[in-house]
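**Q** Take this structure, written in structure tokens, and hold onto it; I'll ask about it next.
FYI, it's all coordinate maths here, none of it is from the lab. As the structure is a computational prediction, the values presented were derived from the model and not from experiment. Cβ: placed from backbone, ideal geometry, glycine included. Neighbour counts: every protein chain shown.
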Amino acid sequence: GAVVSQHPSWVICKSGTSVKIECRSLDFQATTMFWYRQFPKQSLMLMATSNEGSKATYEQGVEKDKFLINHASLTLSTLTVTSAHPEDSSFYICSASYGYTGELFFGEGSRLTVL
Amino acid sequence: AQSVSQHNHHVILSEAASLELGCNYSYGGTVNLFWYVQYPGQHLQLLLKYFSGDPLVKGIKGFEAEFIKSKFSFNLRKPSVQWSDTAEYFCAVNTINTDKLIFGTGTRLQVFP
């Protein structure tokens, strides 16, 4: 099956620093990638949709300048949490699809802790 | 806007018990429906999906779900659960021609031997 990998799987940073999370589709070209945020014991909240070579589309309430998304190639999307604060601590999950299949493939997730 | 509701937040069962997890969505148009499972410490995996056709769909590990359009429901069932089914279960929906998935709040299932 299609494999999506995220890196790092966990990261701890100081408040005010920026953190980059990578999402890679290992065995397929992902035309679209999605970034989700999952709070403890809660569901996945869609943050943004990114298509290769174009600007990401953010969901309502998600700060574009705080969460920078880049989809530079068909196999790589990055999420940069800028000037991170403790309230940004969360589990970030990416997913990818190739063409419209109706099915998404999920990465392992990246746990961010901001001190 | 679309939304997905899962009314069972936490379910505790003994092995061999039957399982039914509720899922309702709100959207007036045509939808695709999914159930994902997240085992402890692992990433989300697809259990089953419904696009069209037979409203009773069978997935992996003995799970099945039934789409009832009139009730906007897509409940997940398993006749006899196992300890290894302990996980978080998420119902999700997207509309045709988009891969953007909207998730329900999830149901935590604990199965005791």
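**Q** Starting from the Cα-Cα distance between B:Trp83 and B:Gln42, subtract it from 0.36 nm times their residue separation and give me the gain in nm to one decimal. All intermediate terms of the calculation are to be shown ahead of the outcome.
**A** Values: separation 41, 0.36 × 41 = 14.76 nm, distance 1.63 nm.
Computed gain between B:Trp83 and B:Gln42 is 13.1 nm.
**Q** Out of B:Phe103, B:Leu21, B:Leu47, whose Cα points farthest toward the positive end of the dipole of chain B (charges: +1 Lys, Arg; -1 Asp, Glu; placed on Cβ)?
**A** B:Phe103
**Q** Something else now. Return the distance in nm (one decimal) between the two label points of a simple spin-label model at B:Lys61 and A:Gln60, each offset 7 Å from Cα along Cα→Cβ.
**A** Here the modelled spin labels are 3.5 nm apart.
**Q** Continuing with this model, one more query. Per residue of the stretch A:80-91, what does 6.51 cos²θ - 1.76 cosθ + 1.60 with θ = phi - 60° give for ³J(HN,Hα)? Whole Hz please, x for Gly and Pro, Karplus curve as stated.
**A** Values per residue, Gly and Pro as x: 10, 8, 8, 6, 5, 10, x, 6, 7, 4, 5, 9 Hz.
**Q** Also, quick follow-up: Positive end of the charge dipole of chain A (Lys, Arg +1 and Asp, Glu -1 on Cβ, about the Cα centre): tell me which of A:Ala96, A:Thr17, A:Thr57 has its Cα farthest that way.
**A** A:Thr17
**Q** Of the residues A:Gly61, A:Gly53, A:Gly16, which exhibits the maximal mean-square fluctuation in a Gaussian network model of chain A defined by a 10 Å Cα contact cut-off?
**A** A:Gly61
**Q** Residue by residue through the stretch B:98-110, what is 3J(HN,Hα) from phi via Karplus (6.51 cos²θ - 1.76 cosθ + 1.60, θ = phi - 60°)? Round to whole Hz and write x for glycine and proline.
**A** 9, 9, 6, 8, 10, 9, x, 6, x, 10, 8, 10, 10
**Q** Which value, in debye to the nearest 20, gives the size of the charge dipole of chain A about its Cα centre, when Lys and Arg are +1 and Asp and Glu are -1 at the Cβ? Before the final figure, lay out each step's value.
**A** Values: 9 positive and 10 negative charges, 49 e Å.
Here the size comes out at about 240 debye.
**Q** Check cross-link reach from B:Lys71 to the lysines: straight Cα distance under 20 Å, and skip same-chain residues fewer than eight apart.
**A** Qualifying lysines at Cα under 20 Å: B:Lys49, B:Lys58.
**Q** Let me ask something else. Let me know the whole percent of all Cα-Cα pairs from the stretch B:1-40 that are separated by more than 14 Å. The partial results should precede the final answer.
**A** On the way: 481 of 780 pairs.
Every Cα pair in the stretch B:1-40 considered, those over 14 Å come to 62 percent.
**Q** Within 10 Å of each Cβ in A:88-95, how many Cβ atoms from other chains are there, averaged over the peptide? Mind dumping the intermediate values first?
**A** Values: counts 0, 0, 0, 0, 0, 3, 0, 4.
For this peptide, the per-residue mean of nearby foreign Cβ atoms is 1.
**Q** Just checking the output field for A:40-46: average partner chain Cβ neighbours within 10 Å of each residue's Cβ? Before the final figure, lay out each step's value.
**A** Numbers: counts 0, 6, 3, 11, 11, 2, 4.
Per-residue shielding by partner chains comes out at 5.
**Q** Which one, B:Ala65, B:Ala17, B:Ala87, has the greatest fluctuation when you compute a Gaussian network model over chain B with C-alpha springs under 10 angstrom?
**A** B:Ala17
**Q** With no solvent and one equal point scatterer placed on each C-alpha of the stretch A:19-82, evaluate the Debye formula and give log10 I(q)/I(0) for q = 0.12, 0.17, 0.21, 0.24 Å⁻¹, two decimals.
**A** Taken in order of the listed q values, log10 I(q)/I(0) reads -0.28, -0.56, -0.83, -1.03.
**Q** A follow-up question, please. Sort by residue number and name the cysteines in chain A that have no neighbouring cysteine Cβ under 4.7 Å.
**A** Those would be A:Cys13, since no other cysteine Cβ in chain A comes under 4.7 Å of theirs.
**Q** What fraction of the Cα pairs in the stretch A:38-115, stated in percent, has a spacing above 22 angstrom? Walk me through the numbers before you get to the answer.
**A** Working: 675 of 3003 pairs.
More than 22 Å apart: 22 percent of the Cα pairs in the stretch A:38-115.
**Q** Would you kindly derive the ³J(HN,Hα) couplings of the stretch B:78-90 from the backbone phi angles with the Karplus curve 6.51 cos²θ - 1.76 cosθ + 1.60 (θ = phi - 60°), listing them in order in whole Hz, with x for Gly and Pro?
**A** For the stretch B:78-90, the Karplus curve yields 8, x, 8, 7, 10, 4, 5, 7, 4, 4, 9, 10, 10 Hz.
**Q** Each label point is 7 Å from the Cα along the Cα-to-Cβ direction; what then is the distance between the points at B:Val11 and A:Cys13, in nm?
**A** 3.9 nm
**Q** Another question about this same structure. For a distance above 24 Å, tell me the whole-number percent of Cα pairs in the protein assembly as shown that qualify. Could the numbers behind the result be given before it?
**A** Numbers: 11553 of 25878 pairs.
The answer is 45 percent, as a whole percent.
**Q** Now a separate question. Return the average number of partner chain Cβ atoms within 10 angstrom of each residue Cβ along peptide B:29-37. If you can, show how the numbers build up before the last one.
**A** Details: counts 0, 0, 0, 3, 1, 3, 0, 3, 0.
Across B:29-37, the average partner-chain Cβ count within 10 Å equals 1.
**Q** May I pose another question? Restricting things to Cα coordinates, could you compute the convex hull volume per residue of chain B in Å³?
**A** Considering the Cα atoms of chain B, their hull volume per residue is 96 Å³.
**Q** Give me the log10 of I(q) over I(0) for the stretch B:50-113 at q = 0.15, 0.19, 0.28 Å⁻¹, as the Debye formula computes it from C-alpha points; what are the numbers?
**A** Rounded to two decimals, the profile gives -0.56, -0.86, -1.37.
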